[in-house]
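Participant: Sharing a structure below in structure tokens format, with a few things to ask.
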């Protein structure tokens with residue numbers, strides 16, 4: 001896919017103004033930029049380049065499209081700029097995908113909205129809305145963070161230079177694997193079926209580890225919060241327990257931490273991995289359409305609708321697995 005930042009994108013929000021994935025050079029700019037050209041352009045834009053980008057420019061030259069997109073982000077404001085400044089991992093994936101920030105926003109909004117709607121339907125009435133607020137809040141926070149991590153793990157990083165150096169040994173072999181099983185290979189690279197399957201296994205392990213860590217952290221925090229609330233309001237807890245209302249929040253037995261962590265890990269490595277692999281393939285296919293380069297709203301609408309459906313299916317899968325693991 002090739003795209004250029006031009007007048008047709010001038011009115012689009014900053015999430016989309018730096019061009020489509022794998023953009024090469026912009027009009028009038030040689031490829032790659034030399035260290036002197038990189039520093040001159042950054043100075044003109046009044047942007048201080050991070051050390052790793054300077055190192056890449058010095059060793060291999062820096063792709064003109066990458067530099068343009070980074071400067072567009074650095075001159076902007078908001079959470080996306082802060083994330084890209086703080087984390088090269090996030091920055092390299094945002095530079096490769098003009099909709100990545102939008103996808104993360106959609107994931108969080110869908111998770112919050114659907115979880116709140118489900119909780120509202122599940123609880124018995126106005127008196128019960130906040131009966132398990134600590135469990136609801138931690139599930140919401142951990143679930144949103146996990147969803148964002150799953151999107152980032154499977155996102156393709158940008159190629160910073162024309163001839164990036166390959167790391168030796170095991171690290172080099174892992175870095176050479178595709179981030180997603182359906183990911184398009186960079187120019188001059190061909191992924192074998194073995195590499196794609198190995199990449200799928202790697203992603204499954206990453207997803208499982210992230211899910212296990214989030215599940216354990218979230219359940220531990222929820223249990224501690226419930227114990228603190230019980231200690232602060234023992235009379236209310238006893239009255240609720242005696243009346244039979246809000247029983248799950250006040251009973252002595254807390255949800256099991258290890259079993260919950262295993263549930264989140266298995267769910268992430270299995271169901272979530274398959275669904276996000278398919279989402280990544282769909283996003284890539286839609287973004288490759290010629291019309292998407294002229295009308296960025298098309299891939300944005302498609303990914304939003306697909307992620308809504310994915311959230312619904314994921315919620316049903318998680319509920320079924322929770323019953324199987326005996327934590328619901």
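Participant: For the range 279-307, how many residues are in contact (Cβ under 8 Å) with a residue 40 or more places away in the chain and exposed (fewer than 15 other Cβ atoms within 10 Å of the Cβ)?
Facilitator: Total meeting the criteria: 1.
Participant: Scan the range 294-304 and tell me whether some residue there is under 20 Å from the mean Cα position of the chain (by Cα), under 22 Å from residue 144 (Cβ atoms) and at pLDDT below 90.
Facilitator: Within the range 294-304 (the criterion being under 20 Å from the mean Cα position of the chain (by Cα), under 22 Å from residue 144 (Cβ atoms) and at pLDDT below 90), the answer is no, since none of the residues qualifies.
Participant: Further, regarding this structure: So which residues in the range 42-60 are more than 18 Å from residue 85 (Cα to Cα) and either at pLDDT 90 or above or exposed (fewer than 13 other Cβ atoms within 10 Å of the Cβ) (or both)?
Facilitator: Passing the criteria: only 44.
Participant: Now, a different point. Just the residues that are closer than 19 Å to residue 303 by Cβ and assigned to a helix (DSSP H, G or I), please, taken from the range 80-101.
Facilitator: Start the filter on the range 80-101 by keeping residues that are closer than 19 Å to residue 303 by Cβ, which leaves 80, 83, 90, 93-101.
80, 83, 90, 93, 94, 95, 96, 100, 101 - these are the residues of the range 80-101 that are closer than 19 Å to residue 303 by Cβ and assigned to a helix (DSSP H, G or I).
Participant: Check the range 21-40 and report whether any residue there is under 20 Å from the mean Cα position of the chain (by Cα), under 20 Å from residue 159 (Cα atoms), at pLDDT below 90 and in a loop (DSSP other than H, G, I, E, B).
Facilitator: Step one: filter the range 21-40 for residues under 20 Å from the mean Cα position of the chain (by Cα), giving 21-22.
Next, only the ones that are under 20 Å from residue 159 (Cα atoms) stay: 21-22.
Imposing the further condition that a residue be at pLDDT below 90 reduces the set to 21-22.
So of that shortlist, the ones also in a loop (DSSP other than H, G, I, E, B) come out as 21-22.
So far as the range 21-40 goes, yes, one or more of its residues are under 20 Å from the mean Cα position of the chain (by Cα), under 20 Å from residue 159 (Cα atoms), at pLDDT below 90 and in a loop (DSSP other than H, G, I, E, B).
Participant: State whether the residues of the range 248-256 include one that is in a loop (DSSP other than H, G, I, E, B), over 20 Å from the mean Cα position of the chain (by Cα), over 30 Å from residue 288 (Cβ atoms) and at pLDDT 80 or above. Steps first, answer last, please.
Facilitator: Within the range 248-256, the subset in a loop (DSSP other than H, G, I, E, B) is 251-256.
Imposing the further condition that a residue be over 20 Å from the mean Cα position of the chain (by Cα) reduces the set to 251-256.
Subset that is over 30 Å from residue 288 (Cβ atoms): 251-256.
Applying the additional criterion that residues be at pLDDT 80 or above yields 256.
Scanning the range 248-256, I find at least one residue that is in a loop (DSSP other than H, G, I, E, B), over 20 Å from the mean Cα position of the chain (by Cα), over 30 Å from residue 288 (Cβ atoms) and at pLDDT 80 or above, so the answer is yes.
Participant: Here's something else I'd like to know. Taking the range 207-229 as the search range and keeping residues that are touching a helix residue (DSSP H, G or I) at 6+ places or on another chain (Cβ under 6 Å) and surrounded by fewer than 18 Cβ atoms within 10 Å (Cβ to Cβ), which one is modelled with the highest pLDDT?
Facilitator: Kept after step one, since they are touching a helix residue (DSSP H, G or I) at 6+ places or on another chain (Cβ under 6 Å), are these residues of the range 207-229: 207-208, 210-212, 214-216, 218-222, 225-226.
Then keep just the ones that are surrounded by fewer than 18 Cβ atoms within 10 Å (Cβ to Cβ); that gives 220-221, 225.
Values: 220: 91, 221: 88, 225: 83.
This residue is 220.
Participant: Against the condition buried (at least 19 other Cβ atoms within 10 Å of the Cβ), farther than 27 Å from residue 201 by Cα and modelled with pLDDT under 90, how does residue 328 come out, does it pass?
Facilitator: no
Participant: Among the candidates 11, 76, 6, which residue alone is under 28 Å from the mean Cα position of the chain (by Cα) and at pLDDT 80 or above? Steps first, answer last, please.
Facilitator: Numbers: 11 fails: at pLDDT 80 or above; 6 fails: at pLDDT 80 or above.
Going through 11, 76, 6 in turn, the sole match is 76.
Participant: Does residue 64 satisfy the criteria of being within 30 Å of residue 282 (Cβ to Cβ), touching a residue at least 24 places away in the same chain (Cβ under 8 Å), touching a strand residue (DSSP E or B) at 6+ places or on another chain (Cβ under 7 Å) and not assigned by TED's automatic domain parsing to the domain that holds residue 213?
Facilitator: Numbers: within 30 Å of residue 282 (Cβ to Cβ): yes; touching a residue at least 24 places away in the same chain (Cβ under 8 Å): yes; touching a strand residue (DSSP E or B) at 6+ places or on another chain (Cβ under 7 Å): yes; not assigned by TED's automatic domain parsing to the domain that holds residue 213: yes.
Yes: the conditions hold for residue 64.
Participant: Still on this structure, please answer the following. Step by step: first the residues of the range 102-143, then only those that are crowded, with 18+ Cβ neighbours inside 10 Å and modelled with pLDDT of 90 or more, then the one that is farthest from residue 264 (Cα to Cα). Which residue is that?
Facilitator: Checking each candidate, the answer is 102.
Participant: Out of the range 63-79, which residues are buried (at least 18 other Cβ atoms within 10 Å of the Cβ) and not in a helix (DSSP H, G or I)?
Facilitator: The answer is 63, and nothing else.
The values are calculated or read from the model by the stated rules, or taken from the named source; none is laboratory data. A quick note: this is a predicted structure, and the numbers were derived from the prediction, not measured. Quick reminder, even Gly has a Cβ in these numbers, built from the backbone with ideal geometry, and neighbours come from all protein chains shown.
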